[in-house]
Amino acid sequence: MALTGVEIFKLLPKTNCKKCGHPTCLAFAMKLAQRQASLDACPDVSEDAKKVLGEASAPPVRPITLGTGDKAVKMGEETVLFRHEKKFVNPCAFAVEVKDTMSEADINKICDDVNSSEIDRVGQKLRIDAIFISNASNDAAKFEAAAKTVAAKAPAAAIILGTENAQTAEAAVKAVADRKPLLFGANDSNAEAMAGIAKANKIALGVSAKGLEALSALTEKIKGLGVEDIVMDSGAKTAKEIINNNTLIRRAAIKKNFKPLGYPVITFAQRDDVMLETLIAVACVAKYSSIVVLSSVEKWKNLALFTVRQNIYTDPQVPMQVEQKIYKIGEPTENSPLMITTNFSLTYFIVSGEVENSKVPCRLAVMDSEGLSVLTAWAAGKFTASKIAQFIKESGIENEIKHREIIIPGYVAIMSGAIEEKLPGWKVTVGPREANALPAFLKSR
Amino acid sequence: MAFVEPKESFAGKVYQITIGSDKTAVFGGENALPFLTVDGNYPNKPVIAFEIQDVPPTDWPDTVRKAYENVSGDPVTWAKYCQNELNAQAIALRLVGTHPDRENRTAEDAAKTVKDVLAAINVPLIILGSNNVEKDSVVLVAAAEAAKDKNCVIGKAQEANYKTIAAAAMANNHKLIAMSELDINLSKQLNILITQMGFDKERLITDPMCSALGYGLEYTYSVMERIRLAALTQNDATMQPPILADVGMYVWKVKETQAAEADVPNWGNVEQRGITWETVTAGSLMVSGAELLIMRHPEAVKAIQKFIDELN
Ligand code: SF4
C-alpha cells in the first residue's frame, strides 16, 4: 500500500516554506498521498526522502512493454484484485509456443495462424499477441534460426525467447533484439549470464523459480544485477497452483507494496487436452496472469479466449454501450417489424438474442441513451418521445421501410401517445416488458 | 525484503448444502474465495447438473441437440441416459413445456413428469419452471408436492412469485433457488424476504442470473464475486447460500453457438465453438463463485470436471 499523508510528512523538511505552492509541508504531503502533486515541487527534499518516496509512489506492478510498434504488448500497472473495484488495466497477452525443433514449414504455419488471428469484436481488434520460441533443441544455431524465421514471418507479433541456456540465448537475442523480445528462463543458477544478456540488449528478462519465496529472492538478485524489467513465473502449473500463487503475488504487490513480486506474471497453460488448456487460460485471464502461453491457436478457441479477456478487462464503471444505429436481425424486408430500445450493451444483447430466437426478421433501432437500460434511461430523460422521434427521422429509416409502425418496450408504454404526436403518420405498438416474451410476441403478429 | 505469504482468513463461511435422497450431492461449505486454499478450506467440489426438459429440445441448436438425439424424446429416457451413461451427479429438469407460449402443459402434467423422472433415477433432481412468473407459481407448487421429501432443489423463486414457491419448497422439504437480475442488492433483498417467511437460509441457493460469454458475462462474474466477498469478509448471512450458475440455457442461444463456419470463417468449427462457449462460461463463473452449475453439452461437462479435478 502507498504511504499515508502523515508518513510522507515525516520525510519532508517541515519548514513550511511554501515553495511547493502549498501552505504547509503537511498540506503538500496530503496532496502527495492522493497523487495530486509531484515530489519535484519541493526543492528542499532530501535525497533519502526522495528514494523512499520514489519507491513508494512507483506503481505496485511494474509497467513493462514487450515488442515494438502499435501492437506492442503492455503489461503490469494493475491496482486492484477484483474487477468491480476498478478496471483491470492491461489485458493479458496470449502467446503460442513454437519449438526450435519444429520444421520451418510448421513454424511458418503457426506464424500464419498468428498473423490471421485478428478478430473484431464489439469494436475492438483482438489477436494472438506473441510467439514463445522454446529452445527445445538446446542448440544455439537452431534457436537463432527459429527466432529469425518467426521475426520474418510474424512481423507484428511480440517475441519471447525461452531458454535456460545463456550460451544459446545470446545469438538468438541478438538476431531479434530490434523487436524488443522477452528473454525467458533466468533462474538461480544462470542469473548472472542471463541478466548480462538482457542488460546488454536492453530487453526484459523472464525469471522462473519454484514457489514465491524463491521467486522473490530471484527477482531481488536480478534487480541487483541491473535488470529492472522482469516477468515472473512462479512455477505454478495446475489450475489450483495458478489461482493461489497469482492471488498471493497480486496481494503482496498491491496490498503490501512488496516490490520483489511487483512484476507481471507469465503462466504456461499448455496441455495435451485442448479444452483443459482453454480452461487453464480462463483461470489465467481471470486471475492475474499477464502472459499466457498456449500450445495451439484454433480459431474457435481464440474467439472464446479473446472474448473472456475482453469481458474481464471491461471497465466496470462505464456501462458497455453499443453504437447507435438500426441493426438488422435476420434478413428483414421493407415490411418487417421495427423495434426500438436503448444502447446499454446488455439490453441490446438480450433483446437482439430474443429477436434472433424468434426467427422473425426485424430491424432493431438502438438509441444512444448513454449506456442506460430502458427504464433508467427513461427516468433520466435520455429515452424520451422527442429524442426517439428525432432519432427515427434522422436515421433515414423512412426510406428503407414501407410501413410506419414502431414497437416500443412495454416498460415505456406511457410514451406511446407522445411519440405518435412527435412522429406524425407513425403508429406506436407497445411490446412486452421483458425481452423473453419477444419471440411469442413477434410470432403472434 | 523477506517474503511473507499474504494470507487472509475470513469470519464468514458459505453454507454447505446436501441435495438428493438416495445418492446425494454436496456443495458449498467453504470459508475461502473460490479455490483459494491458501486462505482456508474449500471442502466440496462444485456440482454439475445435466439439464433435461419435459418436452423434446426442438429449440436447442444442433450441436447440443445431437448429443441427445436418441434419448430426448421423453424426459425419463433422457434422465436415465444422463445418469447411467454420462455419470451425471445431478439432473436439472426444466419444465419449459409448461410455458403458456410453448406447449402450455398443465401443472398436473408437470407433476407427473417429475414423479416419473424421480422414479427412474437415484441422483438428486433440480426442478425448474419455465420462467413465466405466473405459471411457475402454479407448476412449481405441484412439482414440489409430487417430489415431497426427495430433497430436491426447486426453482426459481423470483420477487414476483417467491411466496407460493418458497412455501411449497418448505412444506415438502426441498431446497430453493432464489433468482434476481444481476444486482447484488436485489439478491440480498430476495434472500431476506424469503427467510422472513420462515424459510431456513441454510436451504437457499442464490441465482444472481447467468449471462453467456460475450453477452454480459462480466456482470454475472462480478456480482458473484461481490456476493462471495460479502459472505466471507462481512460475514453477511444473507449472502452465504451457495451460488447457482444456470449456464446452458444462456449459452446455447447466442450466435457464437450456432453460426455456421461458412458464414463466419474467422470463428472456426461451429461444434467445437459451441462446446467451448459453454465450457468457458462455466469455467469463468466457477472461478468467480458458482458452486452449482447447470449445463447441457456432455463434452463441456467433461472438460469442466477435469478443470475441477485440477482445482482441488
Ligand atoms: S516546499 Fe518543501 S519544505 Fe517548503 S513547504 Fe513545501 S514541502 Fe515544505
Next on the checklist: Can you tell me which residue is nearest to the other protein chains (Cβ to nearest Cβ) among those in segment A:26-49 that are open to solvent by 60 Å² or more (accessible area, probe 1.4 Å) and away from the ligand (no atom under 12 Å from the Cβ)?
Outcome noted: A:Asp48
Item to check | Top-ranked residue of segment A:50-73 - restricted to ones that are of a type outside the set (A, V, I, L, M, F, W, C) and in a loop (DSSP other than H, G, I, E, B), ranked as surrounded by the fewest Cβ atoms within 10 Å (Cβ to Cβ) | outcome: A:Thr68
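Give the residue that is farthest from the other protein chains (Cβ to nearest Cβ), with candidates limited to residues of segment A:235-251 that are in contact with an Asp or Glu (Cβ under 8 Å, 6 or more places away or on another chain) and either modelled with pLDDT under 95 or closer than 18 Å to A:Glu78 by Cβ (or both).
From segment A:235-251, those in contact with an Asp or Glu (Cβ under 8 Å, 6 or more places away or on another chain) are A:235, A:238-240, A:248, A:250-251; that's our starting set.
Checking which are either modelled with pLDDT under 95 or closer than 18 Å to A:Glu78 by Cβ (or both) leaves us with A:248, A:250-251.
Details: A:Leu248: 6, A:Arg250: 9, A:Arg251: 4 Å.
So the residue we want is A:Arg250.
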Checklist outcome for this item: The lone condition B:Ala237 fails out of (1) touching a Lys or Arg at 6+ places or on another chain (Cβ under 8 Å); (2) at pLDDT 95 or above; (3) under 28 Å from B:Glu278 (Cα atoms) is (3)
Item to check | Residue ID - nearest to A:Ala440 (Cα to Cα), chosen from residues in segment A:353-385 that are out of contact with any Ser or Thr (no Cβ under 9 Å at 6 or more places or on another chain) and open to solvent by less than 60 Å² (accessible area, probe 1.4 Å) | outcome: A:Ser358
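Suppose we keep only residues that are away from chain B (no Cβ under 12 Å) and open to solvent by 40 Å² or more (accessible area, probe 1.4 Å) within segment A:327-350. Which one would you say is farthest from A:Ile388 (Cα to Cα)?
Let us first name the residues in segment A:327-350 that are away from chain B (no Cβ under 12 Å), namely A:327-328, A:331-343.
From the residues that got through so far, the ones that are open to solvent by 40 Å² or more (accessible area, probe 1.4 Å) too are A:328, A:331, A:333-335.
Values: A:Lys328: 18, A:Glu331: 24, A:Thr333: 22, A:Glu334: 20, A:Asn335: 20 Å.
If we take residues in segment A:327-350 being away from chain B (no Cβ under 12 Å) and open to solvent by 40 Å² or more (accessible area, probe 1.4 Å), then A:Glu331 is farthest from A:Ile388 (Cα to Cα).
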Checklist entry - Residues in segment A:215-230 that are more than 12 Å from chain B (Cβ to nearest Cβ) and touching a Ser or Thr at 6+ places or on another chain (Cβ under 7 Å): how many? => result 1
Checklist entry - Can you tell me which residues in segment A:261-286 are facing another protein chain (nearest Cβ under 7 Å) and surrounded by 24 or more Cβ atoms within 10 Å (Cβ to Cβ)? => result A:Thr278, A:Leu279, A:Val282, A:Ala283, A:Ala286
Checklist outcome for this item: Out of (1) without any contact (Cβ under 8 Å) to a residue 40 or more places away in the chain; (2) away from chain B (no Cβ under 14 Å); (3) away from the ligand (no atom under 16 Å from the Cβ), the one A:Phe82 does not meet is (2)
Checklist entry - So, in segment A:1-25, of the ones that are more than 8 Å from the ligand (Cβ to nearest atom) and part of a helix (DSSP H, G or I), which residue ends up surrounded by the most Cβ atoms within 10 Å (Cβ to Cβ)? => result A:Ile8
Next on the checklist: Can you confirm whether B:Pro124 is in contact with a Gly (Cβ under 6 Å, 6 or more places away or on another chain), of a type outside the set (Phe, Trp, Tyr), touching a residue at least 40 places away in the same chain (Cβ under 8 Å) and buried (at least 24 other Cβ atoms within 10 Å of the Cβ)?
Outcome noted: yes
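Looking at segment A:119-230, what strands (runs of 3 or more DSSP E) fall wholly within it and have at least 1 residues that are buried (at least 22 other Cβ atoms within 10 Å of the Cβ)?
A:130-134, A:158-162, A:182-186, A:204-208
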Checklist entry - Are any of the residues in segment B:232-244 facing chain A (nearest Cβ under 10 Å) and crowded, with 24+ Cβ neighbours inside 10 Å? => result no
Next on the checklist: Within segment A:10-23, does at least one residue satisfy the condition of being in contact (Cβ under 8 Å) with a residue 24 or more places away in the chain and within 34 Å of the chain's Cα centre (by Cα)?
Outcome noted: no
Checklist entry - Can you name every residue in segment B:1-55 that is open to solvent by 50 Å² or more (accessible area, probe 1.4 Å) and either away from chain A (no Cβ under 14 Å) or in contact with a strand residue (DSSP E or B) (Cβ under 8 Å, 6 or more places away or on another chain) (or both)? => result B:Ala11, B:Lys13, B:Gln16, B:Thr18, B:Ser21, B:Asp22, B:Lys23, B:Thr24, B:Pro43, B:Lys45
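The values are calculated or read from the model by the stated rules, or taken from the named source; none is laboratory data. Note that the structure is predicted; figures quoted are calculated from it, not measured. Note that each Cβ is placed from the backbone with ideal geometry, even for glycine, and that neighbours are counted across all protein chains shown. Each accessible area value is taken on the protein alone, full model and side chains, heavy atoms only, with ligands, DNA and RNA left out. Shrake-Rupley method; radii C 1.70, N 1.55, O 1.52, S 1.80 Å.
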